[in-house]
């Protein structure tokens, strides 16, 4: 299989320098095409290159997993590994190879929900020991939360609330045990670099918003985000859940999507 370089010249795959950074730069035009109008391809590429520098183990990840993750986040319009906390690129060892996995953050989930145009308001809050908190389910649902406890006290619950464009409201409540079960089902949470350990409150909120998604009108972006975000928790590779557009782009780029092609090591000048 052959591909073309940025000058339109046909370059055999085996002759290409296949470091992740080099592949990412070559893929920049495709990243730009995948992005929604509010994001810039140059910035997205630069952010992904920064992630490679600041998280060295990402450079060991397979080509399909890393490039697939970046292109998927581009489709979803989310920036990884930035202070916006929209999404994270996380290297994880799996069956003898290093896989790049994508975890969508709380802020990223809110962004996707709002862009669907079907939700007027959505938010999540944690409940801490000492807070006044009560809720009723059934036909007459209500939720009361007065955060009067210590802001550093242990978290006991988390809830997410949504108001739809038609005025209907929905909420879900998770207990600490339910959140912990979700954390334990995710891969890599023992690592110090896991968002579960770096940003625990945000991950609690994310858990509540994701639980709320089943009660919200679905959009293609929400469906894509759910399947991609959940894959590692069920022991599946996220490359199995790439959209046809991402798969076609990678295959045209000379990447074996279903393989475990490893990048070349970076050579320092």
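A few points about this structure:
- Cβ-Cβ under 9 Å pairs, at least 6 apart or on other chains, the range 191-206 side surrounded by fewer than 14 Cβ atoms within 10 Å (Cβ to Cβ), far side in a loop (DSSP other than H, G, I, E, B) and at pLDDT 90 or above: 193/55
- Of all the listed residues (93, 69, 65), the sole one being outside the structural domain of residue 201 (by TED's automatic domain parsing) and part of a strand (DSSP E or B) is 93.
- Inside the range 239-250, residues that are buried (at least 16 other Cβ atoms within 10 Å of the Cβ) and not in a loop (DSSP other than H, G, I, E, B) make up a count of 6.
- Test for residue 189: is it under 28 Å from residue 20 (Cβ atoms), in a helix (DSSP H, G or I) and either at pLDDT 85 or above or not assigned by TED's automatic domain parsing to the domain that holds residue 55 (or both): no
- Residue selected from the range 107-122 under the condition surrounded by fewer than 15 Cβ atoms within 10 Å (Cβ to Cβ) and in contact with a strand residue (DSSP E or B) (Cβ under 8 Å, 6 or more places away or on another chain), by the criterion nearest to residue 80 (Cα to Cα): 114
- Total residues in the range 225-237, condition out of contact with any strand residue (DSSP E or B) (no Cβ under 6 Å at 6 or more places or on another chain) and within 19 Å of residue 258 (Cβ to Cβ): 7
- Checking each residue of the range 163-186 against the condition of being within 24 Å of residue 92 (Cα to Cα), in contact with a helix residue (DSSP H, G or I) (Cβ under 6 Å, 6 or more places away or on another chain) and modelled with pLDDT under 85 gives at least one match.
- Looking only at the range 214-238, residues that are assigned to a helix (DSSP H, G or I) and farther than 28 Å from residue 163 by Cβ come to 5 in all.
- Only a single criterion out of (1) within 25 Å of residue 205 (Cβ to Cβ); (2) in contact with a helix residue (DSSP H, G or I) (Cβ under 7 Å, 6 or more places away or on another chain); (3) buried (at least 24 other Cβ atoms within 10 Å of the Cβ) is not satisfied by residue 73, namely (2).
The values are calculated or read from the model by the stated rules, or taken from the named source; none is laboratory data. Since the structure is predicted, the reported quantities are computational estimates derived from the model, not experimental observations. Don't worry about glycine lacking a Cβ; one is built from the backbone with ideal geometry, like all the others, and counts go over all protein chains shown.
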